[in-house]
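**Student:** Before we start, here is the structure in question, set down as structure tokens.
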Amino acid sequence: MSLPGEVSRSDARGEERRYGPHALAPKSDAGALYARVSHAIPAIEWPFYAADIDATMTLKRSRNAVVLAHNYQTPEIFHCVSDIVGDSLALAREAMNVDADVIVLAGVHFMAETAKLLNPEKTVLIPALGAGCSLADSITPEDVRRLRRAHPGVPVVTYVNTSAAVKAESDICCTSGNAKAVVESLGVPRVIMLPDEFLAHNIAAQTKVEIISWSGHCEVHERFTAAEVRELREDYPGVVVLAHPECPPEVVAEADFSGSTAAMQGYVARHRPARLVLLTECSMSDNVAVQYPELEFVRPCNLCPHMKKITLGNIRRALETMQHEVHIDPELAAPARRAVERMLAVK
Ligand code: 13P
Ligand code: SF4
């Protein structure tokens, strides 16, 4: 799994995973893969997944395709059919290096758009068109233009969780893994950072740069509360609390660590807390627990309904039917790509 800001081809099991059209799949696909996920998926459920896994592996080879999966995908997707896994930053970085003809993005629509921006000549497929994001839905290009008029000369830093049309109005993008570095890379006293209000406030607490925010929220992370964290500490003595920076600032203040999904994974790898809770989407704990079965994961579960629109079945169908292909208006693509590439150039 990638650390924030790091271009890595290691997978969630910490193995070096070569990827590309023919690199991943062993000959007997589903059978060989069950051992990886036996802690997460009961044996009785496995037959329901095996046929889709085998078919997907075969289709990937025949289509010269790779599957990029976000850390919130379910274990049978994340650990069994994906070639590259990670946080939004790692997926964007890795999308640049893919040498297959087809990219299937097991994640939400803005991630597929980012992959397409960076690979205009490749076919990028999203298995479910409805896989959106409450943050991406919270702001329009006209909102960005209005903000610019209200704050002339102030650069716009846009979270990747936005449409290509909003990115096209922006100076530079960021993810939760590099937001502070991006904000500070501009060398200015003030930035507009949109659309996630909580991420903006959490980053503002770490930098001298003044941040003008927008009012978007992630519908998954906004539900965590500081009271819930205090209750978790009472109910599970010694629990180490890791919070995603899309959580409200008072939740982050109660946590032991805050960072992107890959940064959380990095924290677990370094510290191996015996008992921990990841305040983020449910599947994240499932996927990390596969790698660390000896750790006790406390799991208050907030599901992302958009991430959960991606299933093994629709990944298979995407490769069978070559749908749904992501297209971006070329007039928007050029400025949107510039904003993403500027972000990727920040060390
Ligand atoms: P990261 O994986 O980049 O931390 O993002 C979390 C998220 O909510 C993506 O939708
Ligand atoms: Fe969007 Fe939140 Fe779902 Fe991520 S978890 S895709 S930010 S709604």
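The values are calculated or read from the model by the stated rules, or taken from the named source; none is laboratory data. Please read these numbers as outputs of a predicted model, since none were measured by experiment. We place every Cβ from the backbone using ideal geometry, glycine too, and count neighbours over all the protein chains shown. With ligands, DNA and RNA removed, areas are computed over all heavy atoms of the protein, side chains included. Shrake-Rupley method; radii C 1.70, N 1.55, O 1.52, S 1.80 Å.
**Student:** For residues that are hydroxyl-bearing (Ser, Thr, Tyr) and out of contact with any Asp or Glu (no Cβ under 6 Å at 6 or more places or on another chain), scanning just the stretch 222-275, find the one that is farthest from ligand 1 (Cβ to nearest atom). Spell out the reasoning first.
**Tutor:** Step one: of the stretch 222-275, the residues hydroxyl-bearing (Ser, Thr, Tyr) are 225, 236, 258, 260-261, 267.
If we keep only those that are out of contact with any Asp or Glu (no Cβ under 6 Å at 6 or more places or on another chain) too, we end up with 225, 236, 258, 267.
On the way: Thr225: 18, Tyr236: 24, Ser258: 11, Tyr267: 13 Å.
Applying the filter and picking the extreme gives Tyr236.
**Student:** Just one of (1) open to solvent by 20 Å² or more (accessible area, probe 1.4 Å); (2) touching a strand residue (DSSP E or B) at 6+ places or on another chain (Cβ under 9 Å); (3) in contact (Cβ under 8 Å) with a residue 40 or more places away in the chain; (4) small (Gly, Ala, Ser) trips up Ala274, so point out which.
**Tutor:** (3)
**Student:** When you go through Ala263, Ala227, Ala205, Ala269 one by one, which is the residue that is farther than 25 Å from His70 by Cβ and touching a residue at least 40 places away in the same chain (Cβ under 8 Å)?
**Tutor:** Checking each option against the conditions leaves just Ala205.
**Student:** Another one. Of all the residues that make up the stretch 128-161, how many are under 17 Å from Pro305 (Cβ atoms) and away from ligand 1 (no atom under 16 Å from the Cβ)?
**Tutor:** Residues flagged as under 17 Å from Pro305 (Cβ atoms) and away from ligand 1 (no atom under 16 Å from the Cβ) within the stretch 128-161 amount to 1.
**Student:** Among the residues of the stretch 162-185, which ones are of a type outside the set (A, V, I, L, M), within 16 Å of ligand 1 (Cβ to nearest atom) and under 15 Å from Val346 (Cβ atoms)?
**Tutor:** If the condition is that a residue be of a type outside the set (A, V, I, L, M), within 16 Å of ligand 1 (Cβ to nearest atom) and under 15 Å from Val346 (Cβ atoms), then Cys173, Cys174, Thr175, Ser176, Gly177, Asn178, Lys180 are the ones that fit.
**Student:** Please find, among Ser138, Ser134, the residue that is touching a Pro at 6+ places or on another chain (Cβ under 7 Å) and surrounded by fewer than 22 Cβ atoms within 10 Å (Cβ to Cβ).
**Tutor:** Result: Ser138 is the single residue among Ser138, Ser134 that is touching a Pro at 6+ places or on another chain (Cβ under 7 Å) and surrounded by fewer than 22 Cβ atoms within 10 Å (Cβ to Cβ).
**Student:** Only residues that are of a type in the set (S, T, N, Q) and over 20 Å from His324 (Cα atoms): list them for the stretch 55-73, please.
**Tutor:** Asn71 - this is the single residue of the stretch 55-73 that is of a type in the set (S, T, N, Q) and over 20 Å from His324 (Cα atoms).
**Student:** If you don't mind, another one. Counting just the residues of the stretch 301-327 that are open to solvent by 50 Å² or more (accessible area, probe 1.4 Å), at pLDDT 95 or above and within 16 Å of ligand 2 (Cβ to nearest atom), which one comes out farthest from Ala100 (Cα to Cα)?
**Tutor:** Only one residue fits best here, namely Leu303.
**Student:** Now a separate question. So if I check each of Ile41, Ile103, Ile84, which one is more than 16 Å from ligand 2 (Cβ to nearest atom) and farther than 26 Å from Leu278 by Cα?
**Tutor:** The unique qualifying residue is Ile103.
**Student:** Please verify whether the stretch 146-162 includes one or more residues that are among the small types (Gly, Ala, Ser), in contact with a strand residue (DSSP E or B) (Cβ under 9 Å, 6 or more places away or on another chain) and either under 30 Å from Gln323 (Cβ atoms) or crowded, with 18+ Cβ neighbours inside 10 Å (or both).
**Tutor:** no
**Student:** Among the candidates Lys347, Lys308, which residue alone is within 23 Å of Ser134 (Cβ to Cβ) and either in contact (Cβ under 8 Å) with a residue 40 or more places away in the chain or within 14 Å of ligand 1 (Cβ to nearest atom) (or both)?
**Tutor:** Checking each option against the conditions leaves just Lys308.
**Student:** Among the residues of the stretch 59-75, is there at least one that is within 17 Å of Ala336 (Cβ to Cβ) and in contact with a helix residue (DSSP H, G or I) (Cβ under 7 Å, 6 or more places away or on another chain)?
**Tutor:** No, that holds for no residue.
**Student:** Residue check: is Glu197 within 16 Å of ligand 1 (Cβ to nearest atom), within 30 Å of Ile126 (Cα to Cα), charged (D, E, K, R) and buried (at least 20 other Cβ atoms within 10 Å of the Cβ)?
**Tutor:** Numbers: within 16 Å of ligand 1 (Cβ to nearest atom): yes; within 30 Å of Ile126 (Cα to Cα): yes; charged (D, E, K, R): yes; buried (at least 20 other Cβ atoms within 10 Å of the Cβ): yes.
Yes.
**Student:** Does Val98 qualify as being touching a Leu at 6+ places or on another chain (Cβ under 8 Å) and more than 16 Å from ligand 2 (Cβ to nearest atom)?
**Tutor:** Yes, satisfied.
**Student:** Do we find a residue being open to solvent by less than 10 Å² (accessible area, probe 1.4 Å) and more than 16 Å from ligand 2 (Cβ to nearest atom) anywhere in the stretch 122-130?
**Tutor:** Yes, the stretch 122-130 contains at least one residue that is open to solvent by less than 10 Å² (accessible area, probe 1.4 Å) and more than 16 Å from ligand 2 (Cβ to nearest atom).
**Student:** While we're on this one: Considering only residues that are of a type in the set (Gly, Ala, Ser) and surrounded by fewer than 18 Cβ atoms within 10 Å (Cβ to Cβ), look in the stretch 328-347 and name the one that is nearest to Leu186 (Cα to Cα).
**Tutor:** In this case the residue turns out to be Ala345.
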